[in-house]
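Below is one structure; the comments refer to it alone.
The values are calculated or read from the model by the stated rules, or taken from the named source; none is laboratory data. Quick caveat, the model's predicted, so the values are computed rather than measured. With ideal geometry, Cβ positions are generated from the backbone for all residues, glycine too; neighbour counts draw on all protein chains shown.
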Amino acid sequence: MGVLERRQREREQRRRQILQAARRVFFQYGYRNATMDMIAAEAELGKGTLYEYFATKEELYVGLLEDGLRLLDEAMARMSEEMAAKPIEQAIRSMARQYWCFAEENPEYFTLLMHLSTAIELPLEKVRPELLEELRRLQEQAILRGVTLIQRGIQEGLFPSGIAPEHVLAQFWVVVSGAILLARHPYRIRLMQDIAPERFVDELVELLIRGWQCRKESRSVS
């Protein structure tokens, strides 16, 4: 291994170390209360070292969002490939389950991605345009994967023709995300204590699919 290659690997390892520490700090304290001093202490590095990799706290936060979106998209891509030849209802259930598994296996990333109010408060002027562009690209990539699945459902007659696939996708996302948040809530977890997560997700997906099928049937009758 050459000197440049070794330095590049060491730099990437240090970047990962900072991101892992930042993930824990943001998860515990939230975006507003987290500081670069806290992250440096958690990473056991000098604050100056952090600034060699991330110019601002905002850029560090965006870096975490990008990492989370990449992990989620990789998991969904694997499941999408596995389900390509399966019946559409099975594919939708499996994708919903995969989303739940991501939240279970990556609770810190899931929380950061779900903190929409935090994202709104993020001062975008403190983030370099190229970083924001990459974040938007990853978001669009994730949306496109879901839209493609819903379009397949429309083509195969599961959903009525003429509807916007983004509309259906938004419903699935809101319902499953809400269920995940409910399951993790300390005061409401007892509502789901006798329900296996996979069964609960399947029931929610079933409700949404049957609802759209009822709408499709009512259209055909009228």
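Below, the figures for the structure above:
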| read-out | value |
| --- | --- |
| Within region 75-93, considering residues that are touching a residue at least 60 places away in the same chain (Cβ under 8 Å) and crowded, with 16+ Cβ neighbours inside 10 Å, the one nearest to Glu125 (Cα to Cα) | Met76 |
| Test: residue in region 184-204 that is surrounded by fewer than 16 Cβ atoms within 10 Å (Cβ to Cβ), assigned to a helix (DSSP H, G or I) and at pLDDT 90 or above | yes |
| Members of region 151-170 found to be aliphatic (A, V, I, L, M), in contact (Cβ under 8 Å) with a residue 24 or more places away in the chain and in a helix (DSSP H, G or I), listed by number | Val168, Leu169 |
| Qualifying residue in region 28-35 (condition: hydrophobic (A, V, I, L, M, F, W, C), over 20 Å from the mean Cα position of the chain (by Cα), outside the structural domain of Leu158 (by TED's automatic domain parsing) and buried (at least 17 other Cβ atoms within 10 Å of the Cβ)) | yes |
| Residue check, Met36 at pLDDT 90 or above and not basic (Lys, Arg) | yes |
| Selected residue [in contact (Cβ under 8 Å) with a residue 24 or more places away in the chain, of a type in the set (A, V, I, L, M, F, W, C), crowded, with 16+ Cβ neighbours inside 10 Å and not in a helix (DSSP H, G or I)] from Leu45, Leu65, Leu72, Leu135 | Leu45 |
| Residue selected from region 21-40 under the condition of a type in the set (Gly, Ala, Ser), touching a Lys or Arg at 6+ places or on another chain (Cβ under 9 Å) and part of a helix (DSSP H, G or I), by the criterion farthest from Gln98 (Cα to Cα) | Ala40 |
| Boolean, Tyr99 is hydroxyl-bearing (Ser, Thr, Tyr), within 20 Å of Glu81 (Cα to Cα) and modelled with pLDDT of 85 or more | yes |
